[in-house]
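The next block holds one structure in the form of structure tokens; read it before the comments.
Each value in this text was obtained by applying a stated rule to the coordinates, not by laboratory testing. Bear in mind the structure is a predicted one, so any value in this text is a computation, not a measurement. Every residue, glycine as well, gets a Cβ built from its backbone with ideal geometry; the counts of neighbours run over all protein chains shown.
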Amino acid sequence: MPAERLARDIRPPVRIAHLGLGNFFRAHQAWYTATAPDAARWGIAAFTGRSRPLATALTSQGGLYTLIVRGPDADRLEVIGSVAEAHPGDDIASWRTVLTRRELSVVTLTVTEAAYRRGRGGGLDDTDPDVRADLAAFRAGAPMVTVPGRLVAGLNARRLAYGGPIAVVCCDNLPGNGTATARVVLDFAGAAEPALLPWIRDNVSFVTTMVDRITPRTTPEDVASVAAAGRPDEVPVVTEPFTEWLLEGEFPRGRPAWDAAGARFVSDVTPHELRKLLLLNGGHSLLAYAGSARGLTTIADAVTDPTCRAWLDEWWDEAVRHVPLPAAELTDYRAALLERFANPRIRHTLAQIAADGSQKIPIRVLPVLRGERAAGRPATGAIRALAAWITHLRGQGAPITDDGAQPYVDRAASPRDVLTLLAPDLAADRDLTAKLDELT
Ligand code: CS2
């Protein structure tokens, strides 16, 4: 088969800016935008977190890339055309310019939980050295590195250019992610440029979403497989067939017809967000720590290991009590999750999911632990997940990749000390700490 290079003449006009150009965004929001019937009218200017090579590779392919939709039996290749421009994250000048364009209607974000730089209460962590440096950089007109800083710099440029209203759409796995984003943006703006606060209140709609599509890292074999299919692509993305996107909020300047591509616009994302965060992501975190400590490598390995599978069921039995959706819907969701997790052709590594546990455990596990203990129940599944993370902090299983882990690593010898830092409200529960001692 002759090799066809990815190239194109026509690009959709940029009306969306994205921060966090990585695999998940390319499998999810970029796919919805490319699949919507009005795709020709909605292009995305996408900025990486830091990576230059990805922006360079995508630019050389005209923003096009191959999505490898990997089912349990076969791959389907799709060329995605919604990324009209790809920029490295440190190109703050282009970021500001894109944000000033009047036709820009939407900013989307996939930057990971840790990138919002939230402190314990959910507001901007002003003790974070990068946040402090960005506040100083903002005042000096210098480049910024944090997401709240970059967002505020872009919004300020838009205000000064009379760019008009815009929707900011958070697509990270945080509860109430629209409100969470608004909070750090308003905190940063309040400290950096108070004149921006009323403009944000009048012009920026923070949309809350639940996003879902399992997207493992691309491997050299994946790159070789598209080349072998006659479609060379330096930066393809692998994803599963399943995808879900729920959104709640206003789009003052319009949006692509994402609903025609399967997205759902709802009045309250919360129950669906809990379903996904506790069952899928909570299940993932449990398997990442407990499975890697048992010497397993991928989610598919872990879910077919009888011991891990029993722990997953135990966790789900508890977690479903905290998701306000009909029991039948949750039963179906669990069955579908098992199939998705067991897809043997998706190599979703436990090490990838184990990253940033200090950000994930409070969101994915603690709500169930608190709810179960408050109801006078043992919370064995939640305790097991927490214990698995503590043993990970002691060096078992997947390596630690987590900028926020050190204070927990320092305390990992004593589960009680970990709890005192992680969830002080639970640290006095002696029965709980005794169970953690037993399991760690
Ligand atoms: C995973 C998520 O890495 C992780 O922590 O739990 O990336 C998960 O695969 C996605 O949220 C699925 O939509």
>> Counting C-alpha atoms alone, how compact is the stretch 102-217: give Rg to one decimal and Dmax as a whole number, in angstrom.
In response: 13.9, 42
> Thinking of the stretch 271-439 as a set of Cα atoms, what percent of all their pairs are more than 25 Å apart?
Replying inline: 26 percent
> Just from its helices, what would the mean residue ellipticity at 222 nm be for the chain, if runs of 4 or more DSSP H residues each count -39500 (n - 2.57) and the sum is divided by every residue, rounded to the nearest 500 deg cm²/dmol?
Replying inline: -13500 deg cm²/dmol
> Using unit Cβ charges (K, R positive; D, E negative) and no other charged atoms, how large, in debye to the nearest 20, is the dipole of the chain about its Cα centre?
Replying inline: 700 debye
> Amide H of ASP125: which non-local residues (sequence gap of 5 or more, or other chain) have their own amide H closer than 5 Å, using H built in the peptide plane?
Replying inline: ARG118, GLY119
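How would you rank 378-387, 266-275, highest first, on the average number of other Cβ atoms within 10 Å across their residues? Show your work: numbers first, answer last.
Details: 378-387: 23.4, 266-275: 17.5.
Output ranking for 378-387, 266-275: 378-387, 266-275.
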> Packing-wise, with mean Cβ within 10 Å as the measure, how do 412-423, 353-364 rank, highest first?
Replying inline: 353-364, 412-423
> Whole-Hz Karplus ³J(HN,Hα) for the stretch 39-49, in order, using 6.51 cos²θ - 1.76 cosθ + 1.60 and θ = phi - 60°, x for Gly and Pro?
Replying inline: 3, 5, 9, 10, x, 10, 9, 10, 10, 6, x
> For the chain, modelled as a GNM with alpha-carbon contacts under 10 angstrom, which of PRO367, PRO72, PRO129 fluctuates the most?
Replying inline: PRO129
> Tell me, what HN-Hα J-couplings in whole Hz come from the Karplus equation 6.51 cos²θ - 1.76 cosθ + 1.60 at θ = phi - 60° for each residue of the stretch 376-382, using x for Gly and Pro?
Replying inline: x, 9, x, 6, 4, x, 5
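For the stretch 14-268, compute Rg over Rh where Rg is the Cα radius of gyration and Rh is the Kirkwood radius from the inverse mean 1/r over Cα pairs.
Working: Rg = 17.8 Å, Rh = 18.5 Å.
Rg/Rh for the stretch 14-268 comes to 0.96.
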> For the stretch 134-183 and the stretch 1-71, what is the separation of their C-alpha centers, rounded to whole Å?
Replying inline: 22 Å
> Which of TRP311, PRO424, THR218 sits farthest toward the positive end of the charge dipole of the chain, with +1 on the Cβ of Lys and Arg and -1 on the Cβ of Asp and Glu?
Replying inline: THR218
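Grab the beta carbon distance between GLU250 and GLU314, set R0 = 51 Å, and tell me the FRET efficiency rounded to 0.05.
0.80
Given N residues in the stretch 189-274, what is its alpha carbon radius of gyration divided by 2.2 N^0.38 Å? List each step's numbers first, then the result.
On the way: Rg = 19.2 Å, N = 86, 2.2 N^0.38 = 12.0 Å.
Computed over Cα atoms of the stretch 189-274, the ratio equals 1.61.
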> Taking the highest mean first, how do the peptides 281-288, 119-126 order by number of other beta carbon atoms within 10 angstrom per residue?
Replying inline: 281-288, 119-126
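With +1 on the Cβ of every Lys and Arg and -1 on the Cβ of every Asp and Glu, and nothing else charged, how large is the dipole of the stretch 271-439 about its Cα centre, in debye rounded to the nearest 20? Mind showing how you got there, number by number?
On the way: 20 positive and 21 negative charges, 31 e Å.
Here the size comes out at about 140 debye.
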> How big is the C-alpha Rg of the chain next to the rule-of-thumb value 2.2 N^0.38 Å, as a ratio?
Replying inline: 0.98
>> Treating only the Cβ of Lys, Arg, Asp and Glu as charged (+1, +1, -1, -1), what charge dipole size does the stretch 14-268 show about its Cα centre? Round to the nearest 20 debye.
In response: 700 debye
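In the stretch 26-122, what % of DSSP beta bridges are antiparallel (nearest 5)?
Working: 6 of 10 bridges.
Antiparallel bridges make up about 60 percent of those DSSP assigns within the stretch 26-122.
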> So for the stretch 14-268, taking the charge dipole from beta-carbon charges (+1 Lys/Arg, -1 Asp/Glu), which of VAL238, LEU160, VAL106 sits furthest toward the positive end?
Replying inline: LEU160
> Build a GNM of the chain with springs between Cα atoms under 10 Å: which of ARG377, ARG150, ARG101 gets the top mean-square fluctuation?
Replying inline: ARG377
> So what J values fall out for the stretch 154-161 if you push phi through Karplus, 6.51 cos²θ - 1.76 cosθ + 1.60 with θ = phi - 60°, rounded to Hz, Gly and Pro as x?
Replying inline: x, 5, 5, 4, 5, 4, 5, 9
>> Which one, GLN352, GLY381, GLY397, projects farthest toward the positive side of the charge dipole computed for the stretch 348-405 from Cβ point charges (K/R +1, D/E -1)?
In response: GLY381
